[in-house]
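Asker: Sharing a structure with you now.
Since every read-out is calculated from the coordinates, none of them should be taken as a lab result. Given the structure is predicted, the values throughout are model-derived calculations rather than measurements. Quick reminder, even Gly has a Cβ in these numbers, built from the backbone with ideal geometry, and neighbours come from all protein chains shown.
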Amino acid sequence: MRKKTTLLLAIVSCSLITPLSLFADDARLVQLFKRMDQDKNGMVTLEENWELWSMIFNSRDRNKDQKLDSSEMPGKAQKVADTNNDGFVDLVEEQAFRTKHFINMDADGDEKLTLSEMLNR
Ligand SMILES: [Ca+2]
Ligand SMILES: [Ca+2]
Ligand SMILES: [Ca+2]
């Protein structure tokens, strides 16, 4: 319970720093962040990041071929992540994609993401 309050406070103070209140997009990121931060220490590690995304990968992979086609992963992300252009995103490509995204958001380069790094991506 206490940890939840701390996180809520973090979110509140974050929205105070950012004059714009939470947009729908930001609210989704906050949700995502909370899901990724499994030990609730206010930071998401590469491992925590990948744990969630590999879970999402598996749930998106409806035909269980360990690859995501464009119907399983709609939008631009599928094309970007499919680096060998075979029309599928496999786990290796997905991990590279999510890791790159993580590093892009990690402003201070400590390989941990805070909520504000994620929101100020
Ligand atoms: Ca954490
Ligand atoms: Ca698939
Ligand atoms: Ca591919």
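Asker: Taking 0.36 nm per residue of sequence separation and subtracting the Cα-Cα distance, how much length would be gained by fully extending the chain between LYS76 and ILE56, in nm to one decimal?
Answerer: 5.5 nm
Asker: Go through region 30-41 residue by residue and turn each phi into a ³J(HN,Hα) via Karplus (6.51, -1.76, 1.60, θ = phi - 60°); whole Hz please, and just put x for glycine and proline.
Answerer: Along region 30-41, the couplings run 4, 4, 4, 4, 4, 5, 6, 7, 5, 8, 6, 9 Hz.
Asker: Now, a different point. On a full-extension model of 0.36 nm per residue, what is the gain between HIS101 and ARG35, subtracting their alpha-carbon distance, rounded to one decimal in nm?
Answerer: 22.1 nm
Asker: Non-local amide H neighbours of THR45 (under 5 Å, H modeled in plane, Pro and chain starts lacking H): which ones?
Answerer: Distant-sequence amide H within range of THR45: LEU113.
Asker: Let me ask something else. Using the Karplus curve 6.51 cos²θ - 1.76 cosθ + 1.60 with θ = phi - 60°, what ³J(HN,Hα) values do you get for each residue of region 102-111, in whole Hz, with x for Gly and Pro?
Answerer: So the J values, rounded to whole Hz, are 4, 5, 4, 7, 6, 4, 8, x, 8, 6.
Asker: With charges only on Cβ, +1 for K and R and -1 for D and E, what is the dipole size of region 71-115 about its Cα centre, in debye, rounded to 20?
Answerer: About 180 debye.
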